[in-house]
Every structure is written in C-alpha cells, then in structure tokens.
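Below is one structure; the comments refer to it alone.
The values are calculated or read from the model by the stated rules, or taken from the named source; none is laboratory data. As the structure is a computational prediction, the values presented were derived from the model and not from experiment. Don't worry about glycine lacking a Cβ; one is built from the backbone with ideal geometry, like all the others, and counts go over all protein chains shown. Heavy atoms of the whole protein, side chains included, go into the accessibility calculation; ligands, DNA and RNA do not. Shrake-Rupley method; radii C 1.70, N 1.55, O 1.52, S 1.80 Å.
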Amino acid sequence: MDFKNIISHCKEYGFIFQSSEIYDGLSAVYDYGPNGVELKNNIKNYWWKSMVQMHQNIVGLDAAIFMHPKTWKASGHVDAFNDPLIDNKDSKKRYRADVLIEDYIAKIEAKNDKDVQKAKKRFDDFDEAMFRSTNGRILERQKKMDEIAGRLAKAMSSGDLGDIKAQIEELEIACPVSGSKNWTDVRQFNLMFSTQLGNIAGEEDKLYLRPETAQGIFVNFLNVQKSTRQKLPFGIAQIGKAFRNEIVARQFIFRMREFEQMEMQFFVQPGSEMKWYEYWKETRMKWHQSLGTPIDKLRFHDHDNLAHYANAAVDIQFQFPFGFKELEGIHSRTDFDLTQHQELSGRKLQYFDPELNENYVPYVVETSIGCDRMFLAMLSNGLQEETVPDADGKESTRTVLKLHPQLAPSKCAVLPLLKNKEELTKAARDVYDSLKLSFNCQYDEKDAIGRRYRRQDAVGTPYCVTIDFETLEDNCVTIRDRDTLSQERVKIEDLKSLLFKKIEG
Ligand code: GAP
C-alpha cells in the first residue's frame with residue numbers, strides 16, 4: 001500500500017494522530033490512538049521479553065529523562081551531536097545538507113531498480129545478481145553512487161562543511177520547493193533540546209532532554225552490576241523516550257522530534273567486542289524475521305560515517321514505502337562512554353574480572369531500535385489490499401492489516417451473528433467475558449457480520465469468534481482466521497487454550 005494510504009489508515013482506525021491537531025498540529029510530533037497504543041505496547045513487550053526475559057545475563061532499567069548536564073558533555077553530544085543544515089534563500093526552507101545528497105543518490109538507485117524490474121519482466125530465468133554485476137548502465141550508475149557516498153562520508157567525518165556545499169552545487173541539487181539552487185553555506189546544528197533547571201539561568205544549569213536512552217545505562221553501569229552481581233558479558237536494557245530537534249521532519253513517524261527507543265548495552269571484555277558485535281547483528285536480524293518480516297525487506301547496511309563513539313556500526317534497514325532506511329542500529333561503542341564518564345565524574349567505572357584477576361573498563365556493543373520506526377515497519381509490511389471471496393461467492397476487495405498475532409492490538413473479536421437476538425448476544429457476551437482477562441478482545445454487534453469482519457481485518461485482529469444459533473445447541477463457536485479466511489468450529493470450553501496456542505505460536 002502506498003505511503004499516503006498508510007498515513008490515512010492510521011488516522012481513520014485510531015492508530016496515530018497528529019499532535020495538537022486542533023491547533024493545526026505540531027510538526028514531527030504524533031499521538032498514538034486506541035489501536036496505536038496497543039500495537040506499540042505489544043512491540044515493546046515483545047522486545048522486552050526476547051531481550052530481558054529470554055536472557056539471564058540481560059537486566060532492565062528505567063532511567064530518568066533528565067540527567068546531569070555533564071553527562072552530555074562526557075558523551076560528546078554537546079560538541080558533536082550535530083547535523084549539517086543548509087537553507088534555500090528563495091523558499092526559506094531548511095534542509096539537512098547530507099540528506100539532500102542522500103536523496104540524490106536514492107534517485108539514481110531508483111533508476112537502477114527500475115531497470116532491474118523491466119529486465120525481470122523480459123526474462124523467465126532472470127538472475128538479478130548477475131544482471132546487476134554485468135549491465136553497463138547499472139554499473140556506471142553504481143560507480144557514480146559510490147563516488148558521491150564516499151565523498152560525503154569523508155566530508156561528514158572530517159566536518160568539511162565547505163565540501164558538502166561544493167557537492168550540492170556540483171550535483172546541481174535544487175530545492176524541492178522553489179526549484180532554485182540558491183543555497184546558503186552549510187552550518188552545524190545541535191540536535192539536543194534544552195531547558196532550565198528551576199529558576200536558575202545560565203549555561204552551567206542547562207538541562208537537556210536526552211537524545212538517546214543509552215547514557216542512562218552507562219551512568220548506572222556499576223549500580224546495576226553490583227546490585228545484580230552480573231558477570232561480564234552482561235547487558236542492560238531500557239525502553240524510553242528520546243528527543244531530537246530534527247531539521248528534516250518528514251516521513252510521518254519515521255523521523256520524529258519526540259520518539260521512543262528500545263536500547264540494550266552489552267558489556268564485554270576488551271578484545272571480544274567484534275565477536276559480540278557479530279552475535280548481536282545475527283540475533284537482531286533473526287528477531288525481525290521472527291515477527292514475519294520477509295528477508296527481502298531487510299538488509300544490513302554498514303555505516304560509511306562512524307559516530308564519534310563507535311569502531312564498527314551497522315544498520316538493519318527495512319524497505320519502507322520510501323525505500324530502504326535504517327530501522328535499527330548495532331554499534332560497537334568501545335569503552336568510549338564509560339571512560340568519558342569516569343573522567344568527567346571522577347568516579348571509577350571499572351569491572352573486576354575474577355577470571356583475569358584485574359580491573360578494566362568494559363567495552364560495549366549496543367543494539368538500538370526506534371519503537372516508532374518498528375511500528376511503521378509493521379504497518380507498511382502488514383497493510384494490504386486484497387481481493388477475497390464474499391460469503392455469497394462473489395469477489396470483493398478488503399483492506400487487511402496482517403500483523404503477527406503477538407503484535408495485533410486485539411487478539412480476537414467476539415461477534416454474535418445478529419444484534420437483536422438476545423439469546424445470541426448473551427451467549428456472545430459470556431464468551432467475551434471468559435476471554436477478556438487473558439487477551440485483549442473486542443465485542444462487536446453492530447452492522448452485518450461481513451462488515452464487522454472487514455472492520456477487524458483493517459485493525460489486524462487475527463481471529464474472529466462468531467456465535468450463531470447452532471452455538472445455543474452445541475456450545476461450539478466458529479473461529480475465522482484473518483489471513484487464510486478459513487473457519488473452524490470449536491467447543492467453547494476449548495476456545496481459550498486454542499487461541500492461546502495460536503497467538504503464542
Ligand atoms: N544510542 C544509539 C543511537 O541513539 P541512533 O542510530 O541515533 O543511535 C537509534 O538511533 C535508533 O533510534 C534508530 O535506528 C531509529 O530506529 C531510532 N531513531 C533515531 N532518531 C529517530 C527519530 N528522529 N525519530 C524516530 N526514530 C528515531
């Protein structure tokens with residue numbers, strides 16, 4: 001489904017609303033509606049279960065959003081958490097200079113993809129890898145993309161703002177709004193939001209809204225290690241809000257100014273970090289697949305431009321409706337953060353290794369995924385228009401949200417066949433009452449049964465349980481499967497355990 005339809009579906013079915021919409025909205029800030037909050041909570045629970053509950057050596061934390069201002073000096077965010085911005089003098093619109101260049105690269109990539117699609121249609125035994133590695137036009141474009149990306153990465157890591165501007169001019173990139181190439185110089189822009197503690201003014205007491213949850217974990221490293229008596233390697237996981245004053249605020253919940261992260265810092269012996277980096281790369285990729293995301297919609301993308309704290313970094317990219325983009329980052333953060341905090345706080349943040357009989361600052365491998373991006377990935381992957389047979393044998397189209405049952409906002413809907421037959425509605429309410437403590441369920445008696453099925457399909461409910469006149473005779477109900485549309489007759493007494501099996505997989 002295209003991106004515009006996904007956004008309107010989110011509003012129509014209570015997944016996501018623009019923040020403060022009655023005041024014309026607040027840019028890049030969103031509210032989650034009744035179905036949205038359920039899906040988001042399910043994503044968080046699934047992550048927490050697989051990261052914390054399934055690993056004896058990973059424990060949880062919920063640190064405050066506000067932290068001592070020195071935290072952000074130590075982490076490098078005050079000095080280096082910048083994006084290069086550029087203004088177009090005619091439209092007065094502001095852009096991230098690196099994103100303008102990346103978008104230019106994406107347009108070239110789209111041309112290659114188009115050629116591949118065309119060739120695919122022409123040949124039955126089409127070998128995409130072979131085509132990409134031998135076709136002259138594709139190779140020429142790839143070379144150009146690599147050159148542009150390489151030069152951008154170099155300029156970004158050396159902070160050469162002049163060269164970023166030169167690249168924009170040489171590539172003749174125009175403002176998408178005014179169409180003009182009349183650009184200002186490129187400047188650095190710090191992404192942290194700041195506020196003031198109490199009534200004290202001045203730089204010293206400037207507080208920041210955390211731009212990542214990770215630092216709450218680093219400053220608590222020893223508290224957690226000592227209170228849980230964990231031995232290396234071990235991890236600390238946290239889910240929480242993060243804030244960034246993004247310059248490019250677009251693509252819906254993909255890039256927000258207030259968002260939520262699910263992060264885990266894994267503390268390891270120095271020298272073993274690459275082994276663990278590979279381990280977490282594979283483990284996290286499998287996690288995405290366990291939720292039914294097809295492998296061809298996921299890929300690894302090594303960072304060309306390493307963050308100030310990392311010695312290796314890779315993104316797990318997902319194919320969003322606007323192309324492959326970062327969904328999750330896996331970073332080998334070395335001992336950078338703990339060493340920095342040790343220096344600025346004057347407190348030792350070392351681990352005594354009983355095997356080596358020595359103290360050291362551990363190295364860290366981080367997995368970091370945006371909850372909102374995961375939400376968007378699940379919606380983009382699951383939302384489909386389909387032609388399906390109707391009850392009367394004809395065909396009709398339906399909008400269906402094929403979410404993994406564990407993520408679905410409601411696990412099942414209980415539907416009496418008719419609304420105005422009290423014996424049916426009473427039996428249906430009894431079934432609903434017997435399930436509601438175990439699963440998030442819905443009871444719906446309005447409209448014809450076909451329309452109710454469609455409503456549940458659109459919000460991703462995997463199972464509909466229908467109570468009909470036979471139910472009153474045989475104590476059986478019909479379970480309809482959202483994806484296959486198959487119907488199964490089961491005893492009411494077996495319903496809960498059967499649903500449990502289907503949902504928990
Ligand atoms: N602690 C490491 C860190 O924060 P990051 O790559 O800047 O690394 C991690 O962010 C993840 O957080 C990203 O992969 C993305 O899913 C999510 N994220 C980052 N900025 C975001 C934004 N403005 N809106 C929504 N999600 C964002």
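With unit charges on the beta carbons (Lys and Arg positive, Asp and Glu negative) and the dipole taken about the Cα centre of the chain, which residue among L152, S332, N35 sits farthest to the positive side? Going by the charge dipole, the pick is N35. About its Cα centre, the range 147-275 has a charge dipole of approximately 580 debye under the convention of +1 per Lys or Arg Cβ and -1 per Asp or Glu Cβ, with nothing else charged.
For the range 391-505, what's the relative contact order in percent, using C-alpha pairs closer than 8 Å and at least 6 residues apart?
Value for the range 391-505: 29 percent.
Our note on the geometry: Cα centres of the range 460-505 and the range 153-222, 53 Å apart.
Accessible area per residue was computed with a 1.4 Å probe on protein heavy atoms; S497 scores about 70 Å². What FRET efficiency comes out for K44 versus D103 if R0 is 35 angstrom and r is the Cβ-Cβ distance? Round to the nearest 0.05. For K44 and D103, the calculated efficiency is 0.65.
Which angle between 0 and 90 degrees, to the nearest 10, do you get for helix 3-12 versus the longest principal axis of the chain when only C-alpha atoms count? Compared with the principal axis, the helix lies near 60 degrees. K89 contributes an accessible area of around 100 Å² to the protein surface, as traced by a 1.4 Å probe with all chains present. Let me know the shape class of the range 410-504, please: from the alpha-carbon gyration tensor, a ≥ b ≥ c as square roots of the eigenvalues, rounded when a/c is under 1.5, otherwise prolate if a/b is greater than b/c, or oblate. The shape class here is rounded.
Given their separation in residues at 0.36 nm each and the Cα-Cα distance between them, T387 and K181 gain 69.5 nm when the chain is fully extended. Taking all protein chains as shown and a probe of 1.4 angstrom, S396 keeps an accessible surface of around 30 Å².
Please report how far the C-alpha centroid of the range 118-134 lies from that of the range 330-363, rounded to the nearest whole angstrom. Value for the Cα centre distance between the two parts: 51 Å. Normalised by the number of residues in the range 28-116, the mean separation of alpha-carbon contacts (under 8 Å, six or more apart) gives a relative contact order of 10 percent. Using a simple spin-label model with pseudo-atoms 7 Å out from Cα toward Cβ, R94 and K144 lie 3.2 nm apart.
With all protein chains kept in place, the per residue accessible area of the range 410-504 amounts to 51 square angstrom at a probe of 1.4 angstrom.
Based on the alpha-carbon gyration tensor of the range 90-189 and its eigenvalue square roots a ≥ b ≥ c, which shape applies: rounded if a/c is under 1.5, prolate if not and a/b is larger than b/c, or oblate? It comes out prolate by the Cα gyration axes.
When a 1.4 Å probe is rolled over the protein heavy atoms, the share of accessible surface on the chain that falls to carbon and sulfur comes to 49 percent. Here's the picture: charge each Lys and Arg Cβ at +1 and each Asp and Glu Cβ at -1 in the range 390-457, and of S438, P409, G450 the one pushed furthest to the positive end of that dipole is P409.
Remark: the range 24-31, residue by residue, has Karplus-estimated 3J(HN,Hα) of 6, x, 10, 4, 6, 10, 9, 10 Hz, where x stands for each Gly or Pro and the curve is 6.51 cos²θ - 1.76 cosθ + 1.60 at θ = phi - 60°.
Stretching L222 away from H55 to a fully extended chain increases their span by 58.2 nm, per 0.36 nm per residue minus the current alpha-carbon distance.
Centre-to-centre, using Cα atoms only, the range 87-112 and the range 364-429 are separated by 37 Å. From helices alone, the chain scores -12000 deg cm²/dmol at 222 nm; the rule is -39500 (n - 2.57) for each run of n ≥ 4 DSSP H residues, then divide by the residue total.
Taken about its Cα centre, the range 410-504 carries a charge dipole of about 400 debye when Lys and Arg each add +1 at the Cβ and Asp and Glu each add -1 at the Cβ. Measuring r between the beta carbons of E343 and E493 and using R0 = 45 Å, the FRET efficiency lands at 0.10. Residue ranking by accessible heavy-atom surface, 1.4 Å probe, largest first, among H341, H404 comes out as H404, H341. Per residue, the range 1-86 exposes 52 Å² of solvent-accessible protein surface, assessed with a 1.4 angstrom probe and all protein chains in place.
The residues of the range 90-189 expose, per residue, 64 Å² of accessible area to a 1.4 Å probe. How far is helix 34-48 tilted off the main Cα axis of the chain, in degrees rounded to 10, range 0 to 90? Computed tilt is about 60 degrees. Remark: relative contact order (the range 1-66) = 20 percent; criterion is Cα-Cα distance under 8 angstrom and separation of 6 or more residues.
With respect to the chain, whose longest principal axis is taken over its alpha-carbon atoms, helix 492-504 is tilted by about 20°. Among I101, C175, G136, whose Cα sits farthest toward the positive end of the charge dipole of the range 90-189 (+1 at Cβ of Lys/Arg, -1 at Cβ of Asp/Glu, about the Cα centre)? The residue sitting farthest along the positive end of the dipole is C175. When +1 charges are put on Lys and Arg Cβ atoms and -1 charges on Asp and Glu Cβ atoms, the dipole computed for the chain relative to its Cα centre reaches about 300 debye.
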